[in-house]
Amino acid sequence: YNYPLRQSGDGRSCVRYKCGLLSTIQDVLQQRPNWVEVKEGWDFNWCDVGWLRENFDHTYMEEHVRINHFRNHYELTRKNLMVKNLKRYQKNLEKEVGRAEASKCDFFPCTFALPSEYHLFVEEFNRSPGSIWIMKPVAKSQGKGIFLFRKLKDVIDWKKERAEEQRDSAHVENYVAQRYIENPYLINGRKFDLRVYVLVTSYVPLKAWLYRDGFARFSSTRFSLSSIDDKYMHLTNVSVQKTAPDYDPEKGCKWQMQQLRRYLTAKHGREVIETLFKEMDNIFIRSLQSVQKVIINDKHCFELYGYDILLDQNLKPWLIEVNASPSHTPSSQEDYGMKYRLLEDTLNVIDMEGRLTGEEKRVGGYDLMWNNGPVYREDAGLQTCGSLCFTANTYLGCVNDREKQLRHLFKPFPFQKK
C-alpha cells in the first residue's frame with residue numbers, strides 16, 4: 001500500500017496533520033519525524049468531537065486519510081445509548097444463542113434513561129427500597145451534574161428544580177439513573193476505578209487493540225455509605241479529586257495498572273486475577289460488538305476509547321462508561337509519560353508511514369485482541385495436560401517493554417528523533 005506521502009521542502013515524504021486539541025497529543029504529533037502541521041489538505045486529523053459534528057459530513061477524504069473518531073461514536077460513549085445498545089445486544093443473544101450466552105453481558109449496573117424511562121425506573125426503585133442510586137447527565141464528563149440518592153423524594157424535588165431551570169430552554173437534558181455499586185472493592189479503605197485504553201481501527205470486520213498500561217484512580221476519602229453526599233468519596237474522576245482540600249498532584253490518586261495487577265495478584269493469587277482480567281476482556285469485546293451494527297464503519301476512522309471499570313468486593317468488573325475523548329491532559333509527570341507513549345503507539349498502529357505488514361499482533365504497548373474473532377497468544381497451542389490451551393492475546397497490567405518491541409518491529413527504519 002503506497003499512498004502519496006507529500007514531498008516536504010527538502011524532498012522527503014511527510015505526513016500532513018491537523019490537530020484540534022491542546023494537550024499531550026500536540027506534543028506527540030510535533031515530535032514525530034516527518035510529520036508537519038497544516039491547516040488545510042491534511043492526511044491525518046486529531047479533532048475533537050465538536051469539529052467532527054460540524055465538518056465530517058462535508059469533508060471529502062482520500063483513501064489514505066485518517067481521522068480519530070467514527071461518525072457516530074456516541075452510540076458507545078453516551079451513557080444512555082451505551083446501555084440501550086447493550087440491552088438490545090443482550091436480548092438478541094438470548095433469542096439467538098440462549099440465556100447462558102446472554103448472561104455474559106451482565107456487566108453493567110441496572111440503568112434507566114430519564115426522562116423517557118422514568119416510570120420503569122420508579123417501579124424498579126420501589127422493588128428495592130433503601131438501595132442507593134446515582135444520577136448522571138448522559139453527555140457530560142468529569143463528574144459534572146452527578147449525585148447519589150436513596151429517596152424517591154430527592155428525584156422528585158430535583159425534577160421540579162430542573163423543570164424550573166429549563167422552562168425557557170427548548171432542550172431537555174437527558175440523564176441516566178443507575179443502581180449504585182454499594183460494595184466496591186477497596187484498597188486502604190478507598191474506592192477506585194480503572195481506566196483502560198482500547199483502540200478500534202475497524203468495526204466491520206471488528207479489529208480492536210488493548211493497551212498494556214492504564215491506571216486506577218482513587219478517591220481521596222475513605223469509603224462509607226453513611227454520607228452519600230461526599231463527592232470526594234464516591235466519584236473517582238481526577239477532575240473531581242483534584243479539587244479536594246488535601247489533593248497532591250504528584251502523588252495524585254493514581255496507581256499504574258501494573259502496580260494494581262501486582263497488588264491484586266499478591267492478595268488473591270494469580271488464577272483469580274487472571275479470571276478478573278479475562279472478564280474485563282469480555283467487557284471490551286462485547287461492548288464493541290453491541291454497537292458493531294450501528295456504528296457507521298468508515299475506513300478513514302479509528303477511535304481510542306477510554307473504558308471506566310469498577311470492581312466490586314467479589315472482584316466482578318462493572319462497566320461504568322466509555323469515553324470517546326479520554327483526557328490526554330496529564331495529572332502528573334508519570335501520567336504524562338504514560339499518555340505520551342499511549343498516543344505515540346496509537347500513531348504507530350494507525351501507521352500513516354506504511355511501515356507495518358498488517359499481520360502484526362503487537363505494536364509497541366498495544367496487543368491485538370480481536371481481529372474478526374479472538375486473537376490468541378503466539379505461545380498458545382502448547383500442550384498443557386494434553387489439551388490445547390488458547391490464551392487471549394491480552395496483557396493489560398503486564399510488563400510493557402514497548403521500546404524494545406518497536407526497535408524490533410521497525411528495524412529497517414530510523415524510528416525516533418534522537
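Details
- Restricting attention to the range 170-186 and to residues that are touching a helix residue (DSSP H, G or I) at 6+ places or on another chain (Cβ under 7 Å) and not small (Gly, Ala, Ser), the residue that is modelled with the lowest pLDDT turns out to be 174.
- Among the residues of the range 224-250, those identified as of a type in the set (D, E, K, R) and at pLDDT 55 or above are 229, 230, 231, 242, 246, 248.
- Scanning the range 93-127 for residues that are open to solvent by less than 60 Å² (accessible area, probe 1.4 Å) and not in a helix (DSSP H, G or I) yields 98, 107, 108, 109, 110, 111, 112, 113, 114, 117.
- Residue check, residue 278 assigned to a helix (DSSP H, G or I), surrounded by fewer than 20 Cβ atoms within 10 Å (Cβ to Cβ) and not hydrophobic (A, V, I, L, M, F, W, C): yes
- Selection within the range 365-388: residues that are surrounded by fewer than 20 Cβ atoms within 10 Å (Cβ to Cβ) and within 19 Å of residue 276 (Cβ to Cβ). The member of this set that is modelled with the highest pLDDT is 374.
- Of the residues making up the range 298-339, just one is more than 28 Å from residue 190 (Cα to Cα) and exposed (fewer than 15 other Cβ atoms within 10 Å of the Cβ), namely 299.
- Residue-level analysis places residue 44 among those that are open to solvent by less than 20 Å² (accessible area, probe 1.4 Å), modelled with pLDDT of 95 or more and farther than 17 Å from residue 324 by Cα.
- Checklist (1) of a type outside the set (D, E, K, R); (2) in contact with a Pro (Cβ under 8 Å, 6 or more places away or on another chain); (3) open to solvent by 10 Å² or more (accessible area, probe 1.4 Å); (4) part of a helix (DSSP H, G or I) applied to residue 349, failing item: (2)
- Scanning the range 128-153 for residues that are open to solvent by 60 Å² or more (accessible area, probe 1.4 Å) and part of a helix (DSSP H, G or I) yields a count of 1.
Okay, residues lined up against (1) farther than 22 Å from residue 325 by Cβ; (2) of a type outside the set (D, E, K, R); (3) at pLDDT below 95; (4) in contact with a Lys or Arg (Cβ under 6 Å, 6 or more places away or on another chain):
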{"site": "60", "(1), (2), (3), (4)": "yes, yes, yes, no"}
{"site": "67", "(1), (2), (3), (4)": "no, yes, no, no"}
{"site": "70", "(1), (2), (3), (4)": "no, yes, no, no"}
{"site": "92", "(1), (2), (3), (4)": "yes, yes, no, no"}
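The values are calculated or read from the model by the stated rules, or taken from the named source; none is laboratory data. Remember, predicted model here, so these are calculated numbers, not experimental data. With ideal geometry, Cβ positions are generated from the backbone for all residues, glycine too; neighbour counts draw on all protein chains shown. Heavy atoms of the whole protein, side chains included, go into the accessibility calculation; ligands, DNA and RNA do not. Shrake-Rupley method; radii C 1.70, N 1.55, O 1.52, S 1.80 Å.
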